[in-house]
Every structure is written in C-alpha cells, then in structure tokens.
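Working notes, structure below.
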Amino acid sequence: MTDFPRYAIYYAPPADAPLACFGANVLGYDAFVGQDVPFPDRLVADIPDWAELTQDPRKYGFHATLKAPFALAPGIGEAGLIAAFDRFAATPRAIPVIAPVVRGVGGFIAIVAAEPVAELHALAQECVETFDPMRAPMTAADRARRKPETFTPRQAEQLDRFGYPFVCDDFLFHMTLTGRLPPPRGAEVLARLQADFAALALTTLRIDRIGVFRQPDAKSRFRVLHEANLI
C-alpha cells in the first residue's frame, strides 16, 4: 500500500466556499492549487508555533475522509479510478446534512457532526466498499506500521478487510484542523478554533460533493485531482 501515487476519496467544500478558505488558512495549505497559504496573522501572533501544531494534517489538505489513502491495484489505472468515481457521484442518493461543530477528537481538533447522521454513515460505507476493489493489497509492513495491536478486535478486522480500521461503526466524520496536542495545549487551541469557526456562522453543511485527492510520492502533499457533485 505504500507504493505511489496514492489516492483518497474525500469530502471537501468548494474551493471558493468560506469553509474551504477557513480550512486552508488554518492548515496553511490549499489542496486545490497545491500551494502554501499564509496563516491568519492574529492566529500566529497568539500561537507562535502554529505551523508545528498543524504539520501533520497539512500533508493531506483540508478534508473529511470517505476512503482512506490507497495505491491502485495491479491493472487499475488512474483513468479507471476517475471513471468509477464519476459513476459513484452520479448515483442518486440521500444527501447528508450535518450540523458542524469544532471538537477535540482523540487528542487532535476537528470539525465534526454535532450528532450522528445515518445518511453520512451510509455514504462513507458505500464509498469504502465501492472503491476497495481498486485498492492494492496491504503489505505486512503497512499493516505493522498501523500498529494493529492498539486497535479493538473489530478495528483490526476492518484493517485487514478494507486497509483502514476506522470504517463501518467506527467511522467518524472529521475535518482535521491540528495534529495531536498535549492536554494543556488542547484546551487553549480548541477554544481559539471554536471562536474562529463560530465567525463563519455555519449551522448546517451539506455533504454534497466528493473529490479524488492524489499524492504523487512520499515527500509530496495530497492535491485535488478530480471532483464531482453528488446527486
């Protein structure tokens, strides 16, 4: 699975949407153009090590994972993936609508759904199952790197089945805003990001578009390759 390029199926808001601008500015990277963007001046002034706190999620761009990064299986080309992606997007389905909030999640901070949304879980699982046949098999080294001993038995089984442990009932919609933070920093940063996010006045969010993100090699960041609206 560590072969490159790697692809992922993510939710990402439109490039010109206020939420997309918020996420790009927080992470310091715009995955639509593949370029760094400056952090907000006030954020860096208040938290001088902000670049370090966001180093990990910057690699992936602002997104929510639907199908975790994978290399293509033998015989599957990029054009085939895009064609399958377009068919998936064009399949009618209920469009999930969430109430987005900023919360701490497992030591990092992310935008999540305030309450579970059945349509969102269904979309994520459909995405996982549809694109899994296009995923290259996980190698033993990749499995070890995931540290499966730290997972629940169900998560370890899902890792072996889908190449990623946090699917099915373990799926959590999240748009990551920071790397893992020690508790003293977490409370400070959470309060700041909650206040900044509140300024968007975003009370509902339609998960009505998806994108193929591509990472050409291990040293590169993910970038939007292709996107489509859901219907």
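Read-outs throughout are calculated quantities, based only on the coordinates presented, and are distinct from any laboratory measurement. Small disclaimer: the values here were computed from a predicted structure and weren't measured. For neighbour counting, all protein chains shown are included, and Cβ atoms are generated from backbone atoms with ideal geometry for every residue, glycine included.
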Original post:
Put +1 on the Cβ of every Lys and Arg and -1 on every Asp and Glu Cβ in the chain; which of Gly163, Val102, Ala89 then has its Cα farthest towards the positive end of the dipole?
Top reply: Gly163
**OP:** Would you kindly derive the ³J(HN,Hα) couplings of segment 73-82 from the backbone phi angles with the Karplus curve 6.51 cos²θ - 1.76 cosθ + 1.60 (θ = phi - 60°), listing them in order in whole Hz, with x for Gly and Pro?
**Re:** 5, x, x, 9, x, 4, 4, x, 4, 4
Subject >> Integer Hz, Karplus 6.51/-1.76/1.60 couplings in order for segment 32-42, x for Gly and Pro >> reply: 6, 10, x, 9, 5, 10, x, 5, x, 4, 5
**OP:** Could you work out which residue, out of Thr178, Thr152, Thr54, moves most in a Gaussian network model of the chain, that is, has the largest mean-square fluctuation with Cα springs under 10 Å?
**Re:** Thr152
**OP:** Calculate one ³J(HN,Hα) per residue across segment 58-68 by plugging θ = phi - 60° into the Karplus curve 6.51 cos²θ - 1.76 cosθ + 1.60, and present them in order as whole Hz with x for glycine and proline.
**Re:** 4, 4, 9, x, 6, 6, 10, 6, 10, 10, 5
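Based on Cβ point charges of +1 for Lys and Arg and -1 for Asp and Glu, what charge dipole magnitude is obtained for the chain about its Cα centre, in debye rounded to the nearest 20? Write down the numbers at each step before the final one.
Details: 24 positive and 27 negative charges, 59 e Å.
Taking the Cα centre of the chain as origin, the dipole is about 280 debye.
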**OP:** Please build a GNM for the chain, connecting alpha carbons under 10 Å apart, and tell me which residue among Ile47, Ile207, Ile109 fluctuates the most.
**Re:** Ile47
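As an exercise, identify the GluC sites (Glu not before Pro) in segment 123-231 lying in DSSP coil whose Cβ has no more than 13 other Cβ atoms within 10 Å. Don't jump to the answer; show the numbers that get you there.
Values: sites: Glu126, Glu129, Glu149, Glu157, Glu188, Glu227; in loops: none.
When the GluC sites (Glu not before Pro) of segment 123-231 are filtered for loop state and at most 13 Cβ neighbours within 10 Å, nothing remains.
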Original post:
Taking Cα centroids, how far is segment 1-76 from segment 148-193 in Å?
Top reply: 16 Å
**OP:** Would you look at the GNM of the chain, springs on alpha carbons closer than 10 Å, and say which of Leu172, Leu202, Leu66 moves the most?
**Re:** Leu202
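With runs of 4+ DSSP H residues as the only contributors, calculate the mean residue ellipticity of the chain at 222 nm using -39,500 (n - 2.57) per run, divided by the residue total and rounded to the nearest 500.
Values: 9 runs with 82 residues, N = 231.
Counting only the DSSP helices, I get -10000 deg cm²/dmol.
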**OP:** List the residues whose amide H sits under 5 Å from the amide H of Leu230, counting only those 5 or more places along or on another chain, with H placed 1.01 Å from N in the peptide plane.
**Re:** Arg209, Ile210
